1. If you take every DSSP beta bridge fully contained in the stretch 2-186, what fraction is antiparallel? Give it as a percent rounded to 5.
2. Give me the distance in nm between label points sitting 7 Å out from Cα along the Cα-to-Cβ direction at residue 132 and residue 63, one decimal.
3. If I model a spin label as a point 7 Å beyond the Cα along the Cα-Cβ vector, how far apart are those points for residue 13 and residue 96 in nm?
4. With each label point set 7 Å from Cα along the Cα-Cβ vector, what nm distance links residue 103 and residue 73?
5. Would you mind classifying the stretch 1-143 by shape? Square roots of the alpha carbon gyration tensor eigenvalues, ordered a ≥ b ≥ c; an a/c under 1.5 is rounded, otherwise it is prolate if a/b is larger than b/c and oblate if not.
6. Do you know the relative contact order of the stretch 1-141, to the nearest whole percent, from alpha carbon pairs under 8 angstrom that are 6+ apart?
7. Please compute the length gained on full extension between residue 87 and residue 168, using 0.36 nm multiplied by the number of residues separating them and subtracting their Cα-Cα distance.
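The numbers here are math on the coordinates, done by the rules we state, and not lab data. It should be emphasised that the depicted structure is a prediction, and the values quoted were computed from it without experimental measurement. Counting neighbours? That spans all protein chains shown, and the Cβs are built from the backbone with ideal geometry, glycine included.
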């Protein structure tokens, strides 16, 4: 699963793009949007039709096959969040969700789950208990290191392995550490050398 400290740090984009990249590399992948409170994916990817989502399945309204969508990327399926339910934490903590993750582990090479920011609600900690690992997304200059550390501490309490962190939205033109470091080691990566 992927989470962040606060909204707007880019975790949904990173998790979706990670899932697409894994599928393009030949892996069988399913992406689950478990941000049941404030999903951005349907709007961002301009889905024009009404979609059934994870909340429909967890509430018992639809079968899983009815909420899972194929994509134009081979071996890549998506489950959108669905409408905001009155009880998101309860839905993510129920037996149906736990069983779903166990079943999907046997079918897919990767199950990528986008979750809400852990600094805002407890939902991510609930989902983390069912996951093999967590990637923590931190937006550069948007969150204090103390606040990010509190989020990491929440994750540690779940006993979910923290796989690593993604530092996102780094201004490479800013003449600070990251710009200097990457410029020094990678230069103008991808450009053709002069003759």
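1. Counting only bridges with both partners in the stretch 2-186, antiparallel ones make up about 15 percent.
2. For residue 132 paired with residue 63, the spin-label model returns 2.8 nm.
3. Distance between the two pseudo-spin positions: 3.3 nm.
4. 2.4 nm
5. rounded
6. Contact order relative to length: 42 percent.
7. My answer for the length gained is 26.1 nm.
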